[in-house]
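Below: the structure, in structure tokens.
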Amino acid sequence: MLLLPALARNSTQLAAGCIGRLELHRLDAGAQSDAGEENEMASTRWTPDQAAMKSPQALFIGGEWVRALGERKLSVISPVTEEVLITVPEASERDVDRAVAAAREAFDNGPWPRLTPQERGRALIKVAEALRARLAQLAELWTAQVGAPIGLTRYAVAQAPELFEYYGKLIQSYPIVEERRRDDNGLVRVVKEPVGVVAAITPWNAPLVLLCYKVAPALAAGCTIVSKPAPETPLDAHILAECIEAAGLPPGVFNLVPAGREVGDHLIRHPGIDKVSFTGSTAAGRHIAEVCAGRLARTSFELGGKSAALVLEDADIGQVLQSLVPFSMPITGQVCFSLTRVLVPQSRAREVLDAYVTAVRGTKVGDPFEADTQMGPLAMERQLKRVQGYIAKGREEGARLVTGGGRPRGLDRGYFVEPTVFADVDSRMTIAQEEIFGPVVSFIRYDGIDDAVRKANDTIYGLHGAVYTADKERGYQVARRVRSGSVTVNGLIVDPKMPFGGFKQSGLGREGGIEGLDPYFETKTIYFA
Ligand code: NAD
């Protein structure tokens, strides 16, 4: 969902869509309104305003801003200048122990799980209000840490308060207690109770919004939380903690321990954690699943993707480009549901490829703080190396590089890579099988609809997808055959009020919608004899 605003303007009209799970329904209007001021703060001049954060040098544990017990630091690096923007403390294992103890106390003995759903719902709506007052700052942080264009982040960051508001309202009407009758007319109450202390582990690409997909429903259900954001993007969660504090939630309900994977590993093994809610790579997800299986801790996983766009024979090329261009490489391709495999019928392979490549070649790549930038850099050096490795692999295995593949001219510093398109890709090639998480798209030809569906399903992933056709009902029938958690007919939509998640190795469970609230409950059955 990222290369958005700019590319959306290039394409005809972007009616709807999303970026890394960010809805873009109002993208055009939102993105263009602030054009003037964005040029004022190119990345070279941007520095985090520490004074505008309550305590970036502290952790938030048990309702207090506390010093980390370890000595290690996390460096936030600008993907544009490659310079350190800020250094903050990394939580240690002892800090994780403190945070779990605080969350445990808040859950076992504190008021939060015992409040009425209405009381919790109202508190969440206060968090939404506090977040709304910080949106400009949050958009800048996202752009500065990740390199996502400011036009996109200014629009998309609004999903964070929207999620709090949505779950704050939903919990107030959610059926917590349901009365049923047995065959002998005996009364039964089936009750939803919060699952307990939740470890929320999140990645760096959309750091705040992906965290809110977990924190808002978990809090609504009455859980307490230990949040471990990605070490590359620790700042957004600090502001969320400030907003939760400002909204008056009880101490220990939300605890923040920014750290890398070693400390994260301590968190997932902690016996005080009842549930791990994880968003990240499939590799890390598999590991966490194994660890949690040992004590049957509850888990949910939002993992990688390799989503296919199926262009059918009768598709309208304008309609295809409208969403395929912005959503094949959003946020420099660093969005889990990017449409990175384009399946085209033999008869139209050349036409669709030419039109797409022409649009992609027009992408303005550059400083994400500049208003007309459509694609920023990759988020970090290891991402650049990873993407370069896959581009080399695509060439080695015989795919035809049609455009891109190198560093954009004039951008000598920063983790930039050109938007890259391969054609004549065989579905079994590495670039068609593995998640690249960069701006690299593979065009794959098919022969007939059965071959198209077979190729769409020919990966370990199943997160999202698109079917383009003039016949919506046929699009629906084809969408039913695609083994993925969601599919859009003639576009790309991810609506946070609807379930999102993966088939196969793209995940387990759903986030968003009422389905995103259910996993934070246990079901208890109380019989009356
Ligand atoms: P990652 O798996 O390397 O890290 C994600 C988070 O998990 C980070 O906070 C990391 O520190 C932590 N982590 C890693 N190993 C851990 C362990 N053993 N114990 C505890 N914590 C651990 O992924 P990434 O590179 O940060 O993010 C990119 C990946 O995330 C991509 O695969 C992308 O598709 C996926 N993603 C999925 C969704 C979705 O909703 N399905 C959304 C965004 C990103």
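None of the figures in this text is laboratory data; all of them are computed from the coordinates on show. Here the structure is a predicted model, which means the values were calculated and not measured. Using ideal geometry, Cβ is built from the backbone for each residue, glycine included, and neighbour counts are taken over all protein chains shown.
Annotations for the structure displayed:
- Residue among Gln57, Phe278, Pro203 farthest towards the positive dipole end of the chain, charges placed on Cβ: Phe278
- Whole-number D in µm² s⁻¹ for the stretch 41-303, Kirkwood Cα-pair radius fed into Stokes-Einstein, 37 °C, 0.692 mPa s: 175
- FRET efficiency estimate (nearest 0.05) - Cβ-Cβ, Phe503 to Asp424, R0 41 angstrom: 0.90
- Here the Debye sum runs over all C-alpha atoms of the stretch 108-172 as equal scatterers in vacuum, and log10 of I(q)/I(0) at q = 0.26, 0.29 Å⁻¹ comes out as -0.97, -1.10.
- Per residue, the Cα convex hull of the chain amounts to 147 Å³.
- Residues of the stretch 436-475 falling in the label zone of Glu397, defined by backbone nitrogen less than 17 Å from a point 7 Å along Cα to beta-carbon, are 436-446, 455-462.
- Amide H contacts under 5 Å for Val276, placed H, 5+ residues apart: Ala199, Arg298, Thr299, Ser300
- Taken over the stretch 308-497, the ratio of Cα radius of gyration to 2.2 N^0.38 Å equals 0.98.
- Backbone HN-Hα couplings from phi across the stretch 360-365 [Karplus 6.51/-1.76/1.60, Hz, Gly and Pro as x]: 5, 5, x, 5, 8, 9
- Placing pseudo-labels 7 Å out from each Cα toward the beta carbon at Asp354 and Ile460 gives an inter-label distance of 3.9 nm.
- Relative contact order for the stretch 449-511, counting Cα pairs under 8 Å that sit 6 or more residues apart, in percent: 36
- Residue by residue, the stretch 79-86 carries 3J(HN,Hα) couplings of x, 8, 9, 6, 9, 6, 8, 6 Hz when phi is fed to the Karplus relation 6.51 cos²θ - 1.76 cosθ + 1.60 (θ = phi - 60°); x denotes Gly or Pro.
- Ignoring aspartates and glutamates fewer than eight residues from Lys455 along the same chain, the ones with Cα atoms less than 13 angstrom from its Cα are Asp426, Asp447.
- Residues in the stretch 61-84 that a label on Arg413 would reach, taking backbone N under 11 Å of a point 7 Å out along Cα→Cβ: 80-84
- In this label model, Glu129 and Ser347 are separated by 6.0 nm, measuring between points 7 Å along each Cα→Cβ vector.
- Whole-number percent relative contact order across the chain, with pairs defined as alpha carbons under 8 Å at least 6 apart: 20
- Normalised contact order of the stretch 388-529, rounded percent, pairs of Cα under 8 Å and 6 or more residues apart: 15
- Full extension of the chain between Thr116 and Leu187 yields a length gain of 23.2 nm, computed as 0.36 nm times the residue separation minus the alpha carbon distance.
- Footprinting exposure proxy for Met429, Met375 (fewest neighbouring C-beta atoms within 10 Å first): Met429, Met375
- The alpha carbons of the stretch 280-360 give a radius of gyration and a Dmax of 17.7, 54 Å, in that order.
- Derived scalar couplings ³J(HN,Hα) [the stretch 209-224; Karplus, 6.51 cos²θ - 1.76 cosθ + 1.60; whole Hz; x for Gly, Pro]: 4, 5, 5, 5, 4, 9, 5, 4, x, 5, 5, 4, 6, x, 6, 10
- Segment Glu473-Thr525, length gained on full extension (0.36 nm per residue, minus Cα span): 14.5 nm
- Each residue, Ala52 and Glu381, gets one label point 7 Å from its Cα in the Cβ direction; the gap between the two is 2.8 nm.
- Arranged from fewest to most other beta-carbon atoms within 10 Å of their beta carbon, Phe60, Phe327, Phe301 become Phe301, Phe60, Phe327.
- Pairs beyond 21 Å (Cα-Cα), from Lys126/Lys214; Lys385/Lys504; Lys73/Lys385; Lys306/Lys497; Lys497/Lys524: Lys385/Lys504; Lys73/Lys385; Lys306/Lys497; Lys497/Lys524
- Counting neighbouring beta carbons within 10 Å and listing from fewest to most, the residues His287, His266, His464 come out as His287, His266, His464.
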